[in-house]
Amino acid sequence: MAIATRKSLNLVHRPRRLRRTETIRNLVRETRVSPQSLIYPMFVCEGKGVRREIGSMPGVFNLSVDEAVKEAAAAGADGVPGVLLFGLPAHKDATGTSAFDPEAPVQSAVRAIKREVKHLLVITDVCLCEYTSHGHCGIMAGEEIVNDATVDQLVRVAMSHAAAGADIVAPSDMMDGRVGAIRRALDEGGFEQVAIMSYAAKYCSAFYGPFREAADSTPAFGDRRGYQLDPANVREALRECELDVAEGADVLMIKPALPNLDVIRAVRERFDLPVAAYNVSGEYSMIRAAAERGWLDGERAALEVLTSIRRAGADIVITYFARQAARLLERGLGGR
């Protein structure tokens with residue numbers, strides 16, 4: 001008896017059968033975005049009753065502590081499990097000393113959010129760029145950043161955040177050895193339960209522009225190419241991740257996300273730790289600007305971007321779209 005072949009049966013491949021209805025598409029969808037995978041970044045400033053929209057980031061605000069608590073509570077109500085806090089101090093100096101002031105905006109916001117929104121995860125950015133008068137991420141000698149002295153300062157910042165009640169500290173400076181130094185200090189100081197989300201592969205990127213307006217952190221001279229990664233390199237990013245794993249990082253972050261989807265995939269395949277990716281300010285603002293001009297559907301574009309970041313391998317996506325995306329996903333619009 002002859003065995004039937006595809007040719008003899010004249011079969012036609014029809015992959016569209018599995019795209020025919022929304023129910024079928026949902027059933028076979030490979031990558032899913034959920035509110036539980038999103039983290040919402042927030043900018044906390046001095047004062048009271050401050051809710052000041054950032055010109056280059058429509059819908060994003062500089063918030064005083066009282067307003068930050070309200071925004072954090074609203075994010076939690078939307079289903080977003082955590083926030084990432086950045087601070088905007090009233091005082092800046094050459095070494096960023098206000099970064100570890102226990103009454104600074106971030107430390108005050110951590111305490112207030114933990115008191116009022118107990119279930120919410122609070123992550124804090126550990127860096128000096130918002131706190132230095134020159135806008136660089138560390139202590140300078142002339143126009144060169146001093147690595148080890150900066151690490152010492154970052155340890156003080158991380159410890160102050162942990163003392164305020166932060167669940168996770170996230171060093172974003174790209175200094176050598178800072179993860180290990182922070183891990184040792186946290187463990188020796190009784191904060192062994194505080195996790196480290198390392199900005200392990202932070203590239204020197206044009207997509208940070210709106211953030212620098214939001215945080216008033218544009219360098220007064222030079223740039224950050226001497227300590228942030230060259231966008232042309234992926235092997236260097238993997239080496240940075242390897243070092244941070246060895247030093248005790250709990251989560252590895254890649255930033256920015258969209259230009260580095262291949263890096264996210266490479267890190268996901270190489271390491272077993274959770275992988276985070278930061279959908280940064282420029283990525284957010286270009287979608288908002290195009291949507292405001294009617295050039296694209298902003299909601300669909302945002303969800304498509306978040307899906308691509310998840311598809312690349314990110315377990316966690318830090319995004320200014322977090323609240324909006326969570327509401328859209330609740331309405332079942334994630335697969336449009």
Inset, instruction - First check a/c for the chain, with a ≥ b ≥ c the square roots of the eigenvalues of its C-alpha gyration tensor; if it is under 1.5, answer rounded, and if not, answer prolate when a/b is larger than b/c or oblate otherwise. - result: prolate
Legend entry - Potential extension, ASN26-CYS204 segment - 0.36 nm per residue separation minus Cα distance: 60.3 nm
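Which value, in debye to the nearest 20, describes the size of the charge dipole of the chain about its Cα centre when Lys and Arg Cβ atoms bear +1, Asp and Glu Cβ atoms bear -1, and nothing else is charged? Before the final figure, lay out the partial values.
Values: 42 positive and 44 negative charges, 503 e Å.
Dipole magnitude for the chain comes out near 2420 debye.
When the dipole is taken about the Cα centre of segment 1-149, and only Lys, Arg (+1) and Asp, Glu (-1) are charged at their Cβ, what size is it in debye, to the nearest 20? Please report the intermediate quantities before stating the final value.
Working: 19 positive and 17 negative charges, 404 e Å.
That gives segment 1-149 a dipole magnitude of about 1940 debye.
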Legend entry - PHE86, PHE207, ranked by accessible area, largest first (probe 1.4 Å): PHE207, PHE86
Inset, instruction - Just name one of GLY59, GLN153, CYS127: the one whose Cα is farthest towards the positive end of the charge dipole of the chain (beta-carbon charges, Lys/Arg +1, Asp/Glu -1). - result: GLY59
Inset, instruction - Kindly express, to the nearest 10 degrees and within the range 0 to 90, the angle between helix 235-247's C-alpha long axis and the longest C-alpha principal axis of the chain. - result: 60 degrees
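In debye to the nearest 20, how big a dipole does segment 138-288 give about its Cα centre with +1 on each Lys and Arg Cβ and -1 on each Asp and Glu Cβ?
Values: 15 positive and 24 negative charges, 84 e Å.
Dipole magnitude for segment 138-288 comes out near 400 debye.
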Inset, instruction - Please determine, in degrees from 0 to 90 and to the nearest 10, the orientation of helix 298-312 with respect to the longest principal axis defined by the Cα atoms of the chain, where the helix direction is its Cα long axis. - result: 90 degrees
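When the accessible area of the chain is computed with all protein chains present and a 1.4 Å probe, what percentage of it is carbon and sulfur?
On the way: 7870 of 15440 Å².
So the carbon and sulfur contribution to the accessible surface is 51 percent.
For the full complex of protein chains and a 1.4 angstrom probe, list LYS114, LYS48, LYS255 by accessible area with the highest value first. Numbers along the way, then the final one.
Details: LYS114 50, LYS48 175, LYS255 15 Å².
From most accessible down to least: LYS48, LYS114, LYS255.
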Legend entry - Residues ARG300 and LEU11, FRET efficiency given R0 of 45 Å [Cβ-Cβ distance, rounded to 0.05]: 0.80
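Go ahead and estimate [θ] at 222 nm for the chain from helices alone: -39,500 (n - 2.57) per DSSP H run with n ≥ 4, summed, over the residue count, rounded to 500.
Value at 222 nm, helices only, nearest 500: -12000 deg cm²/dmol.
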Inset, instruction - Have a look at GLN107, GLN36, GLN153 and tell me which one the Gaussian network model of the chain (Cα, springs below 10 Å) gives the largest fluctuation. - result: GLN36
Inset, instruction - Measure nothing fancy, just the Cα-based angle from helix 105-116's long axis to the longest principal axis of the chain, in degrees from 0 to 90, nearest 10. - result: 60 degrees
Legend entry - Sequence ranges 268-274, 20-26, 158-164, ranked by mean other-Cβ count within 10 angstrom, highest first: 158-164, 268-274, 20-26
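Between rounded, prolate and oblate, where does segment 196-315 land on the alpha carbon gyration tensor, with a ≥ b ≥ c its root eigenvalues, rounded for a/c under 1.5, else prolate if a/b exceeds b/c?
In terms of gyration-tensor shape, oblate.
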Inset, instruction - Go through segment 171-252 and name the trypsin sites (Lys or Arg not before Pro) that are in a DSSP coil and have 11 or fewer other Cβ atoms within 10 Å of their Cβ. - result: ARG225
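Just to confirm, what accessible area per residue do you get for the chain at 1.4 Å probe, in whole Å²? Intermediate values should be presented prior to the final figure.
Numbers: 15440 Å² over 336 residues.
On a per-residue basis, the chain sits at 46 Å².
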Inset, instruction - Give the accessible area for MET140 in Å² (nearest 10); use a 1.4 Å probe, count only protein heavy atoms, and leave out ligands, DNA and RNA. - result: 40 Å²
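The values are calculated or read from the model by the stated rules, or taken from the named source; none is laboratory data. These numbers were taken from a predicted model, which means no experiment stands behind them. Backbone-built Cβ (ideal geometry, glycine too); neighbour counts: all protein chains shown. Just the protein is used for accessible areas: all its heavy atoms, side chains included, with ligands, DNA and RNA removed. Shrake-Rupley method; radii C 1.70, N 1.55, O 1.52, S 1.80 Å.
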